[in-house]
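Following: one structure in structure tokens, then a few remarks.
The values are calculated or read from the model by the stated rules, or taken from the named source; none is laboratory data. Computed from a predicted model, the values in this text were never measured in an experiment. Virtual Cβ from ideal backbone geometry, glycine too; neighbours counted across all protein chains shown. Quick note on the areas: whole protein, heavy atoms, side chains included, nothing else; ligands and nucleic acids left out. Shrake-Rupley method; radii C 1.70, N 1.55, O 1.52, S 1.80 Å.
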Amino acid sequence: MKKDLLSISDLSSEDIRLLISGAVDMKARGWLSLLDRKLLAILFEKPSLRTRVSFEVAMRQLGGHTIYLSPGEVGLGERESVPDVARVLSRYVNAIAARTFSHQTLEILASYSSVPVINALSDLEHPCQALADLFTIYEKKGELNGLTLAFIGDGNNVAHSLMLAASLVGMNFRIASPTDYRVQDRILHLAQDYALGSGAEIFCTEEPRLAVSGADAVYTDVWASMGQEAEAERRRQIFGSYQVDGELLSLAKEDAILMHPLPAHHGQEVTEGILDSPKSVVFDQAENRMHLQKALLAEMLGGLEIPLAGYR
Ligand code: CP
Ligand code: NVA
């Protein structure tokens, strides 16, 4: 694997298979002494529940330690330049998990850091979420190749990483978004390139019903991401017909699963209560963040050969 994980495009399909296999293994084995005397800095410009806690628990369960630097604490790019923060942290810790607004901030951090930098969410991508999501789909369905994932809503960071990851592993990806809220062209073209190699089909539409029809997994996310709070009301109007409700979900396969990275806005992108329905796997997704990140940290920091126990 590359030194840093900033984008799903830093991984090959083989890397993704290895990480999913590692997550299967980590989930079965629990606490392990693999990262004794290793330190992870968690450097966040935005709030978090799952990402922060799952990284903290992942490190502790592997025998390592974390240092959490909250939004505003470091003044990334304000109190101190991003290159200087990268060079200083590299003298103290073995890796940095960073959550930033601008994706470019992460790229600068990584280029000046001598230790691995992991994207813990930027405005462009959320690769750790997408990897845990593929692991969750694999757990529920026993395969990825040839399945169909339908994403309903904003062509945002979560959609970008999922689209790239699905197209690498041969999973069909459909996305329904309003015209001005589609995925970025550059990401779409990259995914289309990957799909040529994997056999995945990529389909973009404005019509949620077309995307969901016959899908194995239905996925949605908030309409206004962190940093877009001022647009929230306007987005509520525009995305009104993109709400995932029981009727839309009934167009997917009978055994389809419902996915959301959380936090959710109940009554907006999903109807009240639908995330508590039997089809919903959202809390498995949240738990799997930790298992997948244990495999990732072991691979990046431990130089561990992860046995191909589960995923093929
Ligand atoms: N899904 C996710 O990344 O959640 P947090 O923003 O709480 O970390
Ligand atoms: N798209 C959301 C994901 C949160 C996990 C955001 O960026 O706020």
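Screening the candidates ALA200, ALA264, ALA191 for the property of being touching a residue at least 40 places away in the same chain (Cβ under 8 Å) and small (Gly, Ala, Ser) yields one hit, ALA264. Tallying residues that are of a type in the set (Ser, Thr, Tyr), closer than 29 Å to GLU14 by Cβ and assigned to a strand (DSSP E or B) within the range 188-218 yields 0.
All of (1) of a type outside the set (Lys, Arg); (2) within 16 Å of ligand 1 (Cβ to nearest atom); (3) more than 19 Å from the chain's Cα centre (by Cα) hold for HIS260 with one exception: (3).
Restricting attention to the range 14-57, the residues that are within 16 Å of ligand 2 (Cβ to nearest atom), in a helix (DSSP H, G or I) and of a type in the set (Lys, Arg) add up to 2.
Pairs linking a residue in the range 222-239 that is within 16 Å of ligand 1 (Cβ to nearest atom) and at pLDDT 95 or above to a residue that is open to solvent by 20 Å² or more (accessible area, probe 1.4 Å) and outside any loop (DSSP other than H, G, I, E, B), with Cβ atoms under 7 Å and 6 or more positions apart or on different chains, are TRP223/ARG236; ALA224/GLU231; ALA224/ALA232. It is to be established whether one or more residues within the range 120-131 are surrounded by fewer than 24 Cβ atoms within 10 Å (Cβ to Cβ), among the charged types (D, E, K, R) and out of contact with any helix residue (DSSP H, G or I) (no Cβ under 8 Å at 6 or more places or on another chain). Looking for residues that are surrounded by fewer than 24 Cβ atoms within 10 Å (Cβ to Cβ), among the charged types (D, E, K, R) and out of contact with any helix residue (DSSP H, G or I) (no Cβ under 8 Å at 6 or more places or on another chain), one finds none in the range 120-131, hence no.
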